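Written below as structure tokens is the structure these notes are about.
The values are calculated or read from the model by the stated rules, or taken from the named source; none is laboratory data. Keep in mind the model is a prediction, meaning the values are calculated, not measured. When we count neighbours, we look across all protein chains shown, and the Cβ atoms used for this are built from the backbone with ideal geometry, even at glycine. Only protein heavy atoms, including side chains, enter the accessible area calculation; ligands, DNA and RNA are left aside. Shrake-Rupley method; radii C 1.70, N 1.55, O 1.52, S 1.80 Å.
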Amino acid sequence: MTLVVAQVIVDVAAYPVDRPFDYLVPEEWHALIEVGSRVKVPFGPRNVLGFVVALQHDTEVPMNKIKPVTQVLDIEPVLTEEMLEMAKWLKQQTICYEIDALQAMLPSALRAKYEKIVHLCGEIEDVPKPLQPFFNRNGKADFKNFEKAGLLHELKAAVKDGFVTIENSVKQQGAVKEIRKVQINQDRKKLEKIESEISKRAQKQKQLVQWMAERPGQVFLPDEVCSETGVTMAVLQVVIEKGAAAFIKEEVYRDPFTKDIVKTDFLKLTDEQETALSAITGAMDAQVAETFLLQGITGSGKTEVYLQAIQHTLQEGKESIVLVPEISLTPQMTERFRSRFGELVAVMHSGLSVGEKYDEWRKVQQGKVKVVVGARSAIFAPFGNLGLIILDEEHESTYKQEDSPRYHARDVAIWRSEYHKCPVILGSATPSLESFARAKKGVYTLLTLKKRAMNQNLPTVHIVDMREELKLGNRSMFSIQLADAIRERLAKKEQTVLFLNRRGYSSFVLCRDCGTVVECPNCDISLTYHRFSEKLKCHYCGHEEYVPEVCPECASDHIRFFGTGTQKVEEELHKLFPEARVLRMDVDTTNKKGAHETILDAFGRGEADILLGTQMIAKGLDFPNITLVGVLSADTSLHLPDYRSAERTFQLLTQVSGRAGRHEKAGEVFVQTYTPEHYAIELSKEQLYEPFYEREMYVRRQANYPPYYYLALIQVSHEDVMMAAEYAARASEYLRANLSFNVSIIGPTTASISRLQNRYRYQCLIKYKVEPKLIPVLLQLIKLYRSEWIKKGIQLTIDLDPSMI
DNA sequence: AAGCCCGCTGAT
DNA sequence: TCAGCGGGCTTG
């Protein structure tokens with residue numbers, strides 16, 4: 001008998017167990033188990049899920065210590081060799097647990113749920129009275145119920161006395177969806193025999209079996225059978241019992257698409273597009289891992305280049321991944337891929353249910369699709385023969401995951417491209433400074449599209465100085481110019497998009513007498529006012545409360561909400577243009593699944609004159625009748641305490657302006673601002689990316705920020721301010737002592753959100769150019785202080801290349 | 001992470 | 001003397 005030993009990474013995220021453990025594979029599983037399989041294994045006193053990362057025929061572990069695998073959960077392994085390698089790289093790159101890296105690559109349906117079940121050993125009468133009502137007929141009870149009832153002591157005693165046992169079990173989520181169908185018996189003679197045995201009184205049954213006899217072996221939905229033959233389910237049931245047919249289960253994919261596919265044809269490329277495409281296909285044919293930065297002004301037809309590049313990979317029999325910032329926000333974009341490649345496309349985004357996500361993932365795994373369009377995590381799509389990876393709107397911050405594993409989709413894309421020897425396209429009208437700098441250095445290949453594809457002119461952008469408006473006595477949110485322009489569109493039956501730049505600036509409640517702003521009791525953040533529910537909400541921890549009637553500090557009743565929410569703008573719009581039909585798109589109106597799509601579709605059909613919204617309308621919106629775009633407050637994202645605020649503002653304004661006049665009709669844009677002279681605003685007027693780049697690079701160089709320097713952020717949190725401050729100082733001290741002298745270490749300082757979920761937060765920022773010691777030193781720091789931190793309740797997180805600081 | 005063992009404390 | 005608890009250790 002051969003010995004088979006599986007090395008397993010267990011589903012426990014903790015430092016001491018962040019390594020493979022050996023398990024024996026019982027003979028019955030020898031044929032089934034593979035590298036990449038999920039397994040159920042005993043781990044200490046528990047049962048946990050694990051991933052097989054290696055199989056071997058020997059082990060260093062003494063035979064009295066090694067335990068067998070309890071179960072193999074998959075017929076096909078869920079992880080590929082590539083994923084296992086990628087996980088090791090991610091672990092090293094982002095300092096995370098290997099298990100976190102592995103889980104990030106799989107749909108959540110494949111993650112385990114754990115439950116504790118209490119089993120009766122003997123008779124229910126043996127168990128102490130108070131525990132008895134919790135057990136069901138099978139002698140089982142849910143551990144949680146005892147916890148809730150405060151009976152843990154009694155339960156523990158019962159375990160000790162041997163009346164009950166506690167089992168830790170791994171529960172899989174209901175993943176594969178099946179439907180019930182009716183399969184008619186293949187044997188015609190049998191059917192005729194059944195028919196002859198049916199009594200004359202059972203007319204319906206006879207009728208049904210006759211119908212079946214004409215269709216031996218065929219499969220129908222139960223409803224189809226009933227409606228075709230005019231019988232009820234009860235009759236069908238009886239006939240099935242007699243053996244004329246059988247219920248079978250068929251695996252189905254949930255269909256997240258509501259619309260039918262309308263096939264579209266390839267568009268003729270411009271010379272610029274043609275040049276870009278041939279560079280990309282050249283890399284594909286030569287099988288080299290080249291990263292292209294495709295910089296094209298808004299409306300220059302980047303998407304068509306993507307589509308034709310994908311067509312090329314399909315012809316070569318290879319697969320493509322397309323990443324978009326947040327796909328549920330851009331149904332138009334996904335529609336373009338689906339309409340070009342039809343059933344070959346899977347879509348993965350956060351708006352899908354757990355089951356739907358799993359189904360899309362399985363289509364990829366089983367090779368049923370060749371193209372994946374999805375948000376950040378789709379970069380892990382389990383393709384085995386990748387030919388192309390595309391990141392659209394490459395500069396977007398949503399490509400960086402904010403919790404462990406803190407990876408950037410761009411880095412994973414480049415890693416996979418090297419693994420598969422295929423090109424990556426980073427596309428944007430306004431590339432991140434990092435990417436553009438790399439393109440200039442020759443690390444990436446720069447491809448530019450300078451002309452709009454349909455030869456339209458760029459929209460005319462007017463910068464409106466709101467200080468002047470104030471001087472003229474206009475205190476409304478709409479400048480005279482913008483209001484006139486809206487009036488004009490209403491008259492011409494053209495559409496307007498109004499954009500409220502609300503980042504870092506939402507409605508809050510303020511007391512006019514003492515100036516108190518109502519804050520979250522758990523976090524140092526002012527609460528956001530939601531008019532619809534009349535509640536104040538903390539969007540960091542989810543705390544909710546009703547709007548106080550009097551000020552909690554001074555008891556004055558002059559307490560009002562402040563700030564410019566979309567609802568307030570909507571009200572003002574109604575006052576100014578009572579006849580205008582307004583659609584509002586913000587957090588409140590898009591809570592429901594598919595709401596984005598519904599609103600955008602309605603606007604596309606011309607059911608409204610004005611679309612009003614926040615950042616979420618900036619992307620992908622492409623309708624021919626939009627000829628006016630208004631940015632109500634360009635500055636709000638400019639004054640955030642973030643070194644990227646100018647870059648973000650420039651990107652946002654360029655992006656939004658690009659929504660106007662994409663088709664035959666010319667577009668016009670009004671940008672309202674209190675700082676018209678700021679370079680981010682001035683240069684966005686004509687989409688002057690390169691001058692902006694030069695200017696912003698100068699600022700970054702002065703302040704030692706990326707792309708000149710890399711950043712690493714260490715955050716320390718504790719319930720007690722002093723503890724948090726003290727340990728942040730200790731961590732900073734350690735880093736200063738151990739990193740090279742040319743690395744600058746800033747801090748400890750309070751984090752930008754100084755208290756979150758009742759924990760005080762301090763941070764330390766590391767700026768470095770080249771520092772090979774960084775990761776080893778950080779690992780050393782963790783290793784040295786880990787146990788002390790755990791004891792004291794300190795939490796420490798490390799974010800290499802943080803997106804927000 | 002979480003259960004378990006072992007040693008310490010304190011009341012019997 | 002032993003229950004009750006907390007820290008440290010182990011998990012294959």
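With respect to A:VAL41, determine if the residue is among the β-branched types (Val, Ile, Thr), surrounded by 13 or more Cβ atoms within 10 Å (Cβ to Cβ) and within 11 Å of DNA strand C (Cβ to nearest atom). Criteria met by A:VAL41. Screening A:TYR727 on (1) open to solvent by 20 Å² or more (accessible area, probe 1.4 Å); (2) not in a loop (DSSP other than H, G, I, E, B) shows it passes everything except condition (1).
Checked against the criterion of being without any contact (Cβ under 8 Å) to a residue 12 or more places away in the chain and either assigned by TED's automatic domain parsing to the domain that holds A:TYR358 or open to solvent by less than 90 Å² (accessible area, probe 1.4 Å) (or both), the candidates A:LYS193, A:LYS181, A:LYS189, A:LYS206 yield just one match: A:LYS206. All conditions in (1) farther than 28 Å from A:VAL10 by Cα; (2) open to solvent by less than 80 Å² (accessible area, probe 1.4 Å) hold for A:GLU125, with the sole exception of (2).
Within region A:393-418, the set of residues being at pLDDT below 95 and in contact with a Gly (Cβ under 9 Å, 6 or more places away or on another chain) comprises A:GLU393 only.
For A:LEU765, state whether it is in contact (Cβ under 8 Å) with a residue 40 or more places away in the chain, over 30 Å from A:GLU519 (Cα atoms), of a type outside the set (Lys, Arg) and open to solvent by less than 80 Å² (accessible area, probe 1.4 Å). Outline the logic, then answer.
Working: in contact (Cβ under 8 Å) with a residue 40 or more places away in the chain: yes; over 30 Å from A:GLU519 (Cα atoms): no; of a type outside the set (Lys, Arg): yes; open to solvent by less than 80 Å² (accessible area, probe 1.4 Å): yes.
So A:LEU765 fails the test.
Selection within region A:411-439: residues that are open to solvent by 20 Å² or more (accessible area, probe 1.4 Å) and closer than 30 Å to A:PRO691 by Cβ. The member of this set that is nearest to the chain's Cα centre (by Cα) is A:ASP411. In region A:16-38, which residues are more than 16 Å from DNA strand C (Cβ to nearest atom) and either more than 16 Å from A:MET83 (Cβ to Cβ) or loosely packed, with under 13 Cβ neighbours inside 10 Å (or both)? Within region A:16-38, A:GLU27, A:GLU28, A:HIS30, A:ALA31, A:LEU32 meet the criteria.
Name every residue in region A:517-542 that is at pLDDT 75 or above, surrounded by fewer than 17 Cβ atoms within 10 Å (Cβ to Cβ) and in a loop (DSSP other than H, G, I, E, B), in order of residue number. Those that are at pLDDT 75 or above, surrounded by fewer than 17 Cβ atoms within 10 Å (Cβ to Cβ) and in a loop (DSSP other than H, G, I, E, B): A:PRO521, A:ASN522, A:GLU534. Among the residues making up region A:46-62, those that are closer than 11 Å to A:ALA6 by Cα and away from DNA strand B (no atom under 16 Å from the Cβ) are A:PHE51, A:VAL52, A:VAL53, A:ALA54, A:LEU55, A:GLN56, A:HIS57, A:ASP58, A:THR59. The set of residues from region A:46-80 being aliphatic (A, V, I, L, M), crowded, with 19+ Cβ neighbours inside 10 Å and not in a loop (DSSP other than H, G, I, E, B) comprises A:VAL48, A:LEU49, A:VAL52, A:VAL53, A:VAL72.
For A:THR398, state whether it is without any contact (Cβ under 8 Å) to a residue 40 or more places away in the chain, open to solvent by 10 Å² or more (accessible area, probe 1.4 Å) and within 30 Å of A:PHE603 (Cβ to Cβ). Working first, answer last.
Numbers: without any contact (Cβ under 8 Å) to a residue 40 or more places away in the chain: no; open to solvent by 10 Å² or more (accessible area, probe 1.4 Å): yes; within 30 Å of A:PHE603 (Cβ to Cβ): yes.
Judged against the criteria, A:THR398 is not a match.
Scanning region A:1-15 for residues that are at pLDDT below 95 and either away from DNA strand B (no atom under 16 Å from the Cβ) or open to solvent by 40 Å² or more (accessible area, probe 1.4 Å) (or both) gives A:MET1, A:THR2, A:LEU3, A:ALA13, A:TYR15. Would it be correct to say that A:ASP100 is away from DNA strand C (no atom under 16 Å from the Cβ), of a type in the set (Asp, Glu) and not assigned by TED's automatic domain parsing to the domain that holds A:GLN715? The answer is yes for A:ASP100.
Taking the listed residues A:SER320, A:SER300, the one that is open to solvent by less than 10 Å² (accessible area, probe 1.4 Å), assigned to a loop (DSSP other than H, G, I, E, B) and either not hydrophobic (A, V, I, L, M, F, W, C) or not assigned by TED's automatic domain parsing to the domain that holds A:GLU360 (or both) is A:SER300, with no other qualifying. Restricting A:ARG584, A:ARG644 to those that are open to solvent by 10 Å² or more (accessible area, probe 1.4 Å) and over 21 Å from A:LEU482 (Cα atoms) reduces the list to A:ARG644.
Somewhere in region A:81-89, is a residue part of a loop (DSSP other than H, G, I, E, B) and at negative phi?
To start, the set of residues in region A:81-89 that are part of a loop (DSSP other than H, G, I, E, B) comprises none.
Checking region A:81-89: not a single residue is part of a loop (DSSP other than H, G, I, E, B) and at negative phi.
Scanning region A:600-608 finds no residues that are under 30 Å from A:SER752 (Cα atoms) and either in contact with a helix residue (DSSP H, G or I) (Cβ under 7 Å, 6 or more places away or on another chain) or in a loop (DSSP other than H, G, I, E, B) (or both). Taking residues in region A:36-54 that are closer than 28 Å to A:THR165 by Cβ, and partners anywhere that are within 13 Å of DNA strand B (Cβ to nearest atom) and not in a strand (DSSP E or B), the pairs with Cβ atoms closer than 6 Å and at least 6 places apart or on different chains are A:VAL48/A:ASP11; A:LEU49/A:ASP11. Scanning region A:128-156 for residues that are small (Gly, Ala, Ser) and surrounded by 13 or more Cβ atoms within 10 Å (Cβ to Cβ) returns A:GLY139, A:ALA141, A:ALA149. Test A:VAL716 against the stated conditions and say whether it is modelled with pLDDT of 90 or more and among the β-branched types (Val, Ile, Thr). Yes, satisfied. Consider region A:104-132 and keep the residues that are part of a helix (DSSP H, G or I) and touching a residue at least 24 places away in the same chain (Cβ under 8 Å). The one that is farthest from DNA strand C (Cβ to nearest atom) is A:ALA109.
Out of everything in region A:16-45 that is among the hydrophobic types (A, V, I, L, M, F, W, C) and not in a loop (DSSP other than H, G, I, E, B), what residue ends up being farthest from DNA strand B (Cβ to nearest atom)? It comes out as A:TRP29. Residue-level check: of (1) touching a Pro at 6+ places or on another chain (Cβ under 9 Å); (2) crowded, with 24+ Cβ neighbours inside 10 Å, A:ASP392 misses just (2).
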